[in-house]
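Accompanying notes for the structure given below.
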Amino acid sequence: MPMAVANQVQIFTYGTLKQGHGNHHLMQDLIARKDAVFLGSHFTLQPHPLVIGPYGIPYLINLPGHGHRVKGELYSVSARGLVRLDQLEGTSIGHYERLPIQVCKEEDKEGAVVAGEAYFAHGSFGERLWERKGKVGLVEFGEKEGKGYVRIEDRPHGCDVVRDITSFLSGNE
């Protein structure tokens, strides 16, 4: 297993930051700058809802015990790298919140458990998004789902994703 970055946090990615997806370029840049190390594919230890919201954005919902064990990737990320990830994920505007999560390497829970963090849908809308999606979640944000993702620069001018989620949740898509 690759060496973790000093003073790092283990970040579990499950959506557009994964290899082959729309925002993976940021992870590649962090790796090139020695601010992140790829630690391999992992699964959430507990089931969590994973749903797709407006603009094809994936959201992990902080409702352990619901949904599925989610497949994603684990990275060791430096404090400097976390600043860039928090900015992308909109933690300061209430889009996502970075919270603790336990993951393991094996789907059958035989692997060692790793304590890390993941970007969850903000608590102000996460559970309502799970309900709006019919409480049906994904095991993985895969290639098919990735094709539906609308990159930030391709969204309508003046787009406010938090406002758009609120509108989606109220049925005014």
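The values are calculated or read from the model by the stated rules, or taken from the named source; none is laboratory data. These numbers were taken from a predicted model, which means no experiment stands behind them. Using ideal geometry, Cβ is built from the backbone for each residue, glycine included, and neighbour counts are taken over all protein chains shown. Note: areas computed on protein heavy atoms with side chains; ligands, DNA, RNA excluded. Shrake-Rupley method; radii C 1.70, N 1.55, O 1.52, S 1.80 Å.
Counting only residues that are of a type in the set (S, T, N, Q) and assigned to a helix (DSSP H, G or I), how many does the range 150-173 have?
2
This table checks each residue for (1) open to solvent by 40 Å² or more (accessible area, probe 1.4 Å); (2) of a type in the set (A, V, I, L, M, F, W, C); (3) not in a strand (DSSP E or B).
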| site | (1), (2), (3) |
| --- | --- |
| Leu74 | no, yes, no |
| Gly81 | no, no, yes |
| Glu97 | yes, no, no |
| Val103 | no, yes, no |
| Arg128 | yes, no, yes |
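Conditions: (1) surrounded by fewer than 17 Cβ atoms within 10 Å (Cβ to Cβ); (2) touching a residue at least 12 places away in the same chain (Cβ under 8 Å); (3) among the β-branched types (Val, Ile, Thr); (4) over 23 Å from Val9 (Cβ atoms). Ile93 meets all but one. Number of the miss?
Failing condition for Ile93: (4).
Out of the residues in the range 130-153 that are open to solvent by 80 Å² or more (accessible area, probe 1.4 Å) and of a type in the set (A, V, I, L, M), which is nearest to Thr91 (Cα to Cα)? So that I can check it myself, show each step before the final result.
Filtering the range 130-153 down to residues open to solvent by 80 Å² or more (accessible area, probe 1.4 Å) leaves 131-132, 135-136, 143-144, 147, 151-153.
Next cut, of a type in the set (A, V, I, L, M) only: 136, 152.
Working: Val136: 25, Ile152: 15 Å.
My answer is Ile152.
Out of all the residues in the range 55-68, which are surrounded by 18 or more Cβ atoms within 10 Å (Cβ to Cβ) and on the phi < 0 side of the Ramachandran plot?
Ile57, Pro58, Tyr59, Leu60, Ile61, Asn62, Leu63 - these are the residues of the range 55-68 that are surrounded by 18 or more Cβ atoms within 10 Å (Cβ to Cβ) and on the phi < 0 side of the Ramachandran plot.
When you scan the range 130-149, how many residues do you find that are in a loop (DSSP other than H, G, I, E, B) and over 15 Å from the mean Cα position of the chain (by Cα)?
Qualifying residue count, the range 130-149: 6.
Tell me whether the range 90-100 contains one or more residues that are modelled with pLDDT of 95 or more and among the charged types (D, E, K, R).
Checked against the condition, which is being modelled with pLDDT of 95 or more and among the charged types (D, E, K, R), the range 90-100 yields at least one hit.
Looking at the range 14-42, I want the residues that are farther than 21 Å from Ile57 by Cα and have a partner that is open to solvent by 50 Å² or more (accessible area, probe 1.4 Å) and part of a strand (DSSP E or B) with Cβ atoms under 7 Å, at least 6 apart or on another chain. Which pairs are those?
Pairs that qualify, where the first residue is farther than 21 Å from Ile57 by Cα and the partner is open to solvent by 50 Å² or more (accessible area, probe 1.4 Å) and part of a strand (DSSP E or B), are Ile31/Phe38.
How about the range 9-58: which of its residues are of a type in the set (Ser, Thr, Tyr) and within 13 Å of the chain's Cα centre (by Cα)?
Within the range 9-58, Thr13, Tyr14, Thr16, Thr44 qualify.
Could you run through the range 12-52 and say how many residues are open to solvent by 30 Å² or more (accessible area, probe 1.4 Å) and acidic (Asp, Glu)?
Total satisfying the criteria: 1.
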